[in-house]
Amino acid sequence: MIFRKRHRLDPDRPIVKLEMGPADWILEILAIICILIFFGFSLYNIPRLPDTVPTHFNASGTPDGYGNKVTLWMLPGIALVIYSVLTLISRIPEKLNYPVKITPANARKQYTLGLRLIKYLKLVIVLMFFFISYETVMIAFGKSEGLGIWFFPIFIGTIVVPVFIYFILAMRYRK
């Protein structure tokens, strides 16, 4: 059996102090506001819900699993954990994995592109978890029947399309 040598990240990658631009600030502030609204929404609605609420949805967005309403606290909790982990990761851009070789000439642009993608993903993930929570509450109150057939394709699209765009931009600015 042949083992390939594992490639480690280049230890000589430049460390660049990045300043957040207006787009970065907007994404970050929107994500924080969404988290606060998410927790406020949960705090207000969870005590008012019936004891049993949808806890799982099939691919078409229809509830197919039910459980205790307390499990709804997991959604803002998971969103906050993901947001926090991505925030911590974004503090060390030189340690992240990039689709191009990082050089002193392209480091600033590559790190900026990568960190902007992370900020965007933080916002989208928080919004998606909030939407699932909102729809769960609406279903429990009898005002909705499910997430809808378009939830899954839209969720995948809002993740995959920006990642694809990131790869194109990273390749364009590789030198």
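Just so you know, all these numbers are worked out from the coordinates, no wet-lab data involved. Because the structure is a prediction, the values reported are computed rather than measured. All Cβ positions, even for glycine, are placed from backbone atoms using ideal geometry, and neighbour counts span all protein chains on display.
A compact table of results
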| quantity | calculated |
| --- | --- |
| Check: the stretch 16-175 dipole with +1 on Lys, Arg Cβ and -1 on Asp, Glu Cβ, in debye | 920 |
| Most to least packed among 155-165, 70-80 [average Cβ atoms within 10 Å] | 70-80, 155-165 |
| Where a label projected 7 Å from the Cα of PHE141 along Cα→Cβ would reach, residues of the stretch 19-58 with amide N under 18 Å | 37-55 |
| Matching label, Cα Rg over 2.2 N^0.38 Å computed from the structure shown, candidates (i) 1.27; (ii) 1.04; (iii) 0.99 | (i) |
| Rounded to the nearest 20 debye, dipole of the stretch 69-142 from Cβ charges on Lys, Arg, Asp, Glu | 380 |
| Other-chain or far-sequence residues with amide H under 5 Å of GLY67's (modelled H) | VAL53, THR55 |
| For ARG172, ARG13, order by how many other beta-carbon atoms lie within 10 Å, fewest first | ARG172, ARG13 |
| Under-5 Å amide H pairs with SER144, H placed in peptide plane, nonlocal only | ILE139 |
| Span-like helix ranges in the chain, DSSP H, alpha carbon extent 30 angstrom or more, Kyte mean at least 0.5 | 22-45, 107-140, 151-172 |
| Proxy reagent accessibility, fewest Cβ within 10 Å first, across GLU135, GLU28 | GLU28, GLU135 |
| Extension gain from ILE37 to MET20, taking 0.36 nm per residue of separation minus the Cα-Cα distance | 3.7 nm |
